[in-house]
1. For region 64-73, state whether one or more residues are farther than 21 Å from residue 192 by Cβ, without any contact (Cβ under 8 Å) to a residue 40 or more places away in the chain and not in a loop (DSSP other than H, G, I, E, B).
2. Working only within region 202-233, note down all residues that are in contact (Cβ under 8 Å) with a residue 60 or more places away in the chain and more than 21 Å from residue 160 (Cα to Cα).
3. All but one of (1) within 14 Å of the ligand (Cβ to nearest atom); (2) closer than 23 Å to residue 157 by Cβ; (3) exposed (fewer than 15 other Cβ atoms within 10 Å of the Cβ) hold for residue 233, so report the exception by its number.
4. Would you confirm whether any residue within region 241-251 is assigned to a helix (DSSP H, G or I), away from the ligand (no atom under 14 Å from the Cβ) and farther than 18 Å from residue 177 by Cβ?
5. Just to be sure I understand, how many residues within region 38-63 are over 19 Å from residue 96 (Cβ atoms) and part of a loop (DSSP other than H, G, I, E, B)?
6. Scan region 220-228 and tell me whether some residue there is outside the structural domain of residue 92 (by TED's automatic domain parsing), modelled with pLDDT of 95 or more and not in a helix (DSSP H, G or I).
7. Take region 157-170 and flag every residue that is crowded, with 19+ Cβ neighbours inside 10 Å and within 18 Å of residue 118 (Cβ to Cβ).
8. It is to be established whether one or more residues within region 132-149 are over 20 Å from residue 259 (Cβ atoms), within 23 Å of the chain's Cα centre (by Cα) and surrounded by 17 or more Cβ atoms within 10 Å (Cβ to Cβ).
Ligand SMILES: [Zn+2]
């Protein structure tokens with residue numbers, strides 16, 4: 001027997017926008033039952049990160065939806081593609097379901113509740129959460145002081161990191177946009193798992209405010225990446241040349257996001 005679940009999608013940590021529309025009708029399951037239908041092996045999708053996860057992709061003439069299955073016997077992850085689905089959708093689907101896959105493989109970083117005495121990384125540095133005397137949240141090199149009752153801590157911290165994120169992301173976007181000589185439109189912050197940032201054809205930028213928890217060069221790289229899309233709306237060679245021009249050392253922070261990005265989602269801000 002296998003277990004099938006249908007629920008809103010836990011999305012992955014890929015930087016780029018994924019097409020979720022086709023995944024909307026899909027199911028995914030964790031179980032041990034082997035599907036006896038004839039399936040054609042199409043190759044693997046590798047989920048980067050620590051550790052990397054190999055997803056075997058098979059095409060089935062009889063499958064009506066994309067589905068994911070995790071074997072209880074050996075932890076093997078198999079993605080089944082129906083006849084109609086293009087191969088690249090397997091990759092998008094696997095990335096969107098990365099959290100779900102890692103949860104069922106037991107690899108999800110442990111959730112961190114935010115309370116006094118606990119620790120939160122802000123701009124890549126661990127800060128102990130302590131009580132504040134006044135009414136404002138105060139950040140130091142090693143602590144973040146939060147006023148109010150114990151129940152208010154996570155909410156106040158969230159408000160604080162979002163304001164700081166906006167400040168840093170606006171400054172970085174302004175800097176790169178000036179260097180490029182192209183203005184951007186709106187700057188929006190969200191709490192997205194599917195991507196760290198995006199740039200629309202109208203020139204509006206969107207970022208995950210959780211980037212403020214990462215080392216500053218990571219936030220900077222994502223801003224350079226999205227601002228570069230104001231000129232190059234693709235990921236071809238010209239695009240990466242432009243990113244390198246704006247942010248010469250971008251490869252390290254890019255790798256950091258792939259390896260550690262999902263850790264930014266372990267903090268629970270109480271909602
Ligand atoms: Zn991009």
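1. Checking region 64-73: not a single residue is farther than 21 Å from residue 192 by Cβ, without any contact (Cβ under 8 Å) to a residue 40 or more places away in the chain and not in a loop (DSSP other than H, G, I, E, B).
2. Of everything in region 202-233, just one residue is in contact (Cβ under 8 Å) with a residue 60 or more places away in the chain and more than 21 Å from residue 160 (Cα to Cα), namely 225.
3. In the conditions (1) within 14 Å of the ligand (Cβ to nearest atom); (2) closer than 23 Å to residue 157 by Cβ; (3) exposed (fewer than 15 other Cβ atoms within 10 Å of the Cβ), residue 233 misses (2) alone.
4. yes
5. 5
6. No, because not a single residue in region 220-228 is outside the structural domain of residue 92 (by TED's automatic domain parsing), modelled with pLDDT of 95 or more and not in a helix (DSSP H, G or I).
7. Correct list: 157, 161.
8. The answer is no; no qualifying residue exists.
The values are calculated or read from the model by the stated rules, or taken from the named source; none is laboratory data. It should be emphasised that the depicted structure is a prediction, and the values quoted were computed from it without experimental measurement. Note that we place each Cβ from the backbone using ideal geometry, even for glycine, and neighbour counts take in every protein chain shown.
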